[in-house]
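Only one structure is covered here, and it is reproduced in the block below.
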Amino acid sequence: MNKTQNQTVLISGAGVAGPALAYWLHRHGFTPTIVERAPHLRDGGYAVDFRGEALDVLDRMGLLQHIEALDTQMGDAAMVDADGRPYATLPAAIFAGDLEVLKGDLTRLLYEATRENTEYLFGDSIAGLHQDENGVHVTFEHAAPRRFDLVVGADGLHSRTRALAFGPEEQYVRHLGIYTAIFNLDNYLALKNTGHLYAAPGKAANIFTARDNTEARAAFHFAADHLEYDHRDTAAHKQIIADRFAGEGWEVPRLLKKMDAAQEFFFDSNAQVEMESWSAGRVVLLGDAGYCSGPTSGRGTSQALIGAYLLAGELAAREGDHTAAFAAYEQQMRPYVAEHQALGREGAERFFLPAPTQQVLDMLAANAPENTRTKPVHLPDYTPATAA
């Protein structure tokens, strides 16, 4: 009998990595459960890119055509000055990957692909973990305690699972010197498959269209050393942005007002996670929780999808032997992650360009991440035991 049958796996996080892992675990005969702190699926967030082998993973999931139908089809954008006058064209190759969709559209698609075979616990989170040789005793903030065979932390940069199993955040998170806020708004500038970007010393603001130009997404970025703040205090985050961008030109005053009213709002530092090991006993980390490369790498979504495929596949190939599976998963992902983290650091260093010329922008486009071939990660054919 296959030892993976009915082996229970708790996944913390319903972003990209968690549901992608649940999809493959179910295909291999495991029983996945996802716990998500948010009360429902998150619809906010910017566009995310897919590159290289991540497209192969989507194809093997039978989702590639669905993802292609959601492509933002974003064209070149305009660099504008304080008065809104364009002075350069920002090529799409700099900010869009091989395929680009809104993160909210991706998470919804992954949820729809998994909700029939995965238990979702929204509005809750892990409060405690206690391992023994036979499993993990998990306590929750709200639900009754339960036991699982394995626990996966796919809960992002500020992973609660990582803190419980490995130690405090400051041991592993490396700040890249950039903070970013992203929010939803109406397409009040009537843009069509494009965007505008305003840059000032150590600051940038932009707006891009979304969902066939019926909506828009805006972002503020600024350079700063490590700031102390509660990463769950949205009101404080908005005040930080308002203070930093007070007095700036272009559409910034109007964008600040729209940001203040935005319901879907995200703010965080651009950072990386560096760890000597991604597993501790029966607990393992996936995606940004274990090896965030930073938004400036353009590889976070790809790493999440590829990592989920490999982790589930290795658990199946070793019939649930988590020690051997975690080691194999890490061995395959380490070189891939190291290269992308180097890209993330390089991207952060050149993020705030002082009024770049068109020649500089064209040069950056020619050397954009999707045009620079990184070492591929091998995707074994694990031959899932159950039908899609």
Fill in the blank from the handout: Going through (1) on the phi > 0 side of the Ramachandran plot; (2) in contact with a Ser or Thr (Cβ under 9 Å, 6 or more places away or on another chain) one by one, Tyr120 fails only at (1)
Handout entry: Of residues in the range 228-242 being at pLDDT below 90 and under 25 Å from Ile207 (Cα atoms), the one surrounded by the most Cβ atoms within 10 Å (Cβ to Cβ)
Key = His231
Exercise for the section: Determine if the range 209-216 includes at least one residue that is of a type in the set (D, E, K, R), within 21 Å of the chain's Cα centre (by Cα) and crowded, with 17+ Cβ neighbours inside 10 Å. Expected result: no
Problem - Unmet criterion (only one of (1) surrounded by fewer than 19 Cβ atoms within 10 Å (Cβ to Cβ); (2) farther than 30 Å from Asn213 by Cβ) for His26 - result: (1)
Practice task
Run down Ala113, Ala88, Ala78, Ala82 and say which single residue is touching a residue at least 12 places away in the same chain (Cβ under 8 Å), assigned to a loop (DSSP other than H, G, I, E, B) and aliphatic (A, V, I, L, M).
Solution key: Ala82
Handout entry: the range 53-78: number of residues that are closer than 26 Å to Asp381 by Cα and modelled with pLDDT under 85
Key = 0
Fill in the blank from the handout: Flagged in the range 164-208 as of a type in the set (A, V, I, L, M, F, W, C), within 24 Å of Ala154 (Cα to Cα) and not in a helix (DSSP H, G or I), in numbering order, are Phe166, Val173, Leu176, Ile178, Ala181, Ile182, Phe183
Exercise for the section: Tell me which residues, restricted to the range 263-294, are surrounded by fewer than 24 Cβ atoms within 10 Å (Cβ to Cβ) and of a type in the set (Asp, Glu). Expected result: Glu264, Asp268, Glu274, Glu276
Practice task
Could you check how many residues of the range 31-69 are surrounded by fewer than 18 Cβ atoms within 10 Å (Cβ to Cβ) and more than 30 Å from Gln7 (Cβ to Cβ)?
Solution key: 5
Exercise for the section: Looking only at the range 45-57, decide whether some residue is over 28 Å from Gln263 (Cβ atoms), in contact (Cβ under 8 Å) with a residue 40 or more places away in the chain, outside any helix (DSSP H, G or I) and acidic (Asp, Glu). Expected result: no
Practice task
Could you please give the count of residues in the range 323-346 that are in contact (Cβ under 8 Å) with a residue 40 or more places away in the chain and either of a type in the set (Lys, Arg) or crowded, with 21+ Cβ neighbours inside 10 Å (or both)?
Solution key: 9
Completion exercise
Scanning the range 139-163 for residues that are touching a Gly at 6+ places or on another chain (Cβ under 6 Å), surrounded by fewer than 21 Cβ atoms within 10 Å (Cβ to Cβ) and either of a type in the set (Lys, Arg) or in a helix (DSSP H, G or I) (or both) gives Arg147
Fill in the blank from the handout: Only one of Ala328, Ala338, Ala316 is out of contact with any Ser or Thr (no Cβ under 6 Å at 6 or more places or on another chain), of a type outside the set (Val, Ile, Thr) and closer than 22 Å to Asp149 by Cβ, namely Ala328
Completion exercise
Of those in the range 70-91 that are in contact with an Asp or Glu (Cβ under 9 Å, 6 or more places away or on another chain) and among the hydrophobic types (A, V, I, L, M, F, W, C), the residue surrounded by the most Cβ atoms within 10 Å (Cβ to Cβ) is Leu90
Practice task
Evaluate the range 110-131: report whether one residue or more is in contact with a strand residue (DSSP E or B) (Cβ under 9 Å, 6 or more places away or on another chain) and modelled with pLDDT under 95.
Solution key: no
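The values are calculated or read from the model by the stated rules, or taken from the named source; none is laboratory data. These numbers come from a predicted model, not from an experiment. Glycine gets a Cβ as well: all are built from the backbone with ideal geometry, and neighbour counts include every protein chain shown.
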